[in-house]
Amino acid sequence: MTVMNMPLGRSGGHGARLAAAGLLTLAALAGSGVAQRAAAAPQALPAGCSGTSAITCHYGVAPGNYDVTVSIGGASAGQTEMWAEARRLMLPATRTTAGAVATYSFTVNVRQPEGQPTGQGGTGNPGLDLRFTGSGPQVSAVSVKPASQPLVAYLAGDSTVCDQPAAPYTGWGQMITSAVRPGAAIANYGDSGESSGSFLSNSALLPALLAKVKANDPVFIQFGHNDKQTSASAYRNNLTTMISRVRGKGGVPVLVTPPVRRLFDGNRLTSTALHVNGVGVNLPAEMRAVGAAQRVPVIDLTARSRTLVESLGPSASAQLFLRSSVDGVTDNTHFSQYGATQMGGLLLQAVREQNLSLAAHLR
């Protein structure tokens, strides 16, 4: 067992809230089931940690899954966010009052490269990296130990899913991590530029994912953005092959239709935005058909995101994507952190509604 600086107080949790429109979001989780106590917190940072306005902690552990418990707070009031590895949000902005300590627990997947499996954007540091940001971040204790047989939810997808290494680009997979209770982890094998075919053939992607899958681990499969010239038969065959291989390892495949692009014709999204590709294939429809034929759960993220984007309209929906005035780049495919949070919320809403195995492990 590897233990670094055992935490003060007792472990707690935090719960996800619903947005006003009924969409599950991953923000504003503070205050739900959190243990706080008035006490003078240690002024020194925990072992392995350094910095002030951003506090970084590094632990030289081997790849695997780890239970991480952190205590935030100190002598003065503060606001702290916690990120793990390649920009995976674990704790949204959380306030602590002067003299209070709040304790939170998570299970974190550690691998090398720590972000995208093919190393796009950099491979990161071997071991476990934690980063505490916010207005006056405070960390009084950190504990890290190997997790005992956690449920691991694997993500197979493209740049809209993956752990994007640098802001403003953000994949929904790196935003859903804060909604997962300790005892379950998200292992994001999403990789930029991948299609259903390329993900199958690259040894760093599906083969690497399958090597880790245990019985009953869910595998969420989202492809379509880069299947721009893929025929209907090839797309269906690729998805069916993934399903068969996941089942062969005892895993539970879940198909996820791709979220929409922000391409409007008037107040409605275009067929390109809805993933009718360059050879006329309606990719979400094909994925739904494969799900029905293979008796696999399907999360229709295309339909859910269409409802959200069209309800906001051509102007307001820009906040979900990348805007030159805010992000320095205009991109109607990739998400801002806010947009990725909303897309992740839509996915988790479906997980709960369909009572998929991950639902029992959500906050």
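List of remarks:
- Of interest is the spacing of the C-alpha centroids, which for the range 79-120 and the range 187-235 amounts to 25 Å.
- Debye-sum result for the range 132-227 in log10 I(q)/I(0), which assumes one identical scatterer on each alpha carbon, at q = 0.18, 0.24 Å⁻¹: -0.92, -1.27
- GNM result for the chain, Cα springs below 10 Å: residue of A184, A204, A293 fluctuating most strongly: A293
- Each of A211 and A285 was given a label point 7 Å from its Cα along the Cα-to-Cβ line. The distance between the two points is 4.0 nm.
- Computed Rg/Rh of the range 270-316, alpha carbon atoms with Kirkwood Rh: 1.06
- Applying a 4.7 Å Cβ-Cβ cutoff to the chain leaves C162 as cysteine residues with no disulfide-compatible partner.
- For the chain, the fraction of alpha-carbon pairs in successive 20 Å shells from zero, as %: 31, 57, 12, 0
- On a per residue basis, the convex hull of the C-alpha atoms belonging to the range 75-214 measures out at 106 Å³.
- The chain: angle of helix 232-248 to the longest principal axis, Cα-based, in degrees nearest 10: 40
- D327 contributes about 40 Å² of solvent-accessible surface, heavy atoms of the protein only, 1.4 Å probe.
- With one equal scatterer per alpha carbon and no solvent term, the Debye-computed log10 I(q)/I(0) for the range 219-361 at 0.11, 0.12, 0.14 1/Å reads -0.43, -0.51, -0.69.
- Put simply, the C-alpha atoms of the range 286-339 give a gyration tensor, and the ellipsoid matching it has half-axes of 30, 12, 8 Å, longest first.
- Antiparallel bridge percentage (DSSP; both residues within the chain; nearest 5): 75
- Each 5 Å bin, from zero up to the one with the longest distance, holds this percent of the alpha carbon pairs of the range 199-260: 4, 17, 28, 27, 16, 7, 1.
- Residues of the chain: accessible area per residue with a 1.4 Å probe, Å²: 38
- Point-to-point label distance, Q229-R323, nm (Cα→Cβ direction, 7 Å offset): 3.6
- For R306, neighbours were defined as the other residues whose beta-carbon sits under 11 Å from its Cβ, and their charges (Lys and Arg +1, Asp and Glu -1) total +2.
- Label zone (T272, point 7 Å along Cα-to-C-beta; backbone nitrogen cut-off 17 Å) within the range 321-359: 322, 330-334.
- Calculated mean residue ellipticity at 222 nm for the chain: -6500 deg cm²/dmol, from DSSP H runs with n ≥ 4 weighted as -39500 (n - 2.57), summed, divided by the residue count and rounded to 500.
The values are calculated or read from the model by the stated rules, or taken from the named source; none is laboratory data. Model, not experiment: these values are computed from the prediction. Glycine also receives a Cβ, built like all others from the backbone with ideal geometry; neighbour counts cover every protein chain displayed. These accessible areas exclude ligands, DNA and RNA; they are computed on the full protein's heavy atoms, side chains included. Shrake-Rupley method; radii C 1.70, N 1.55, O 1.52, S 1.80 Å.
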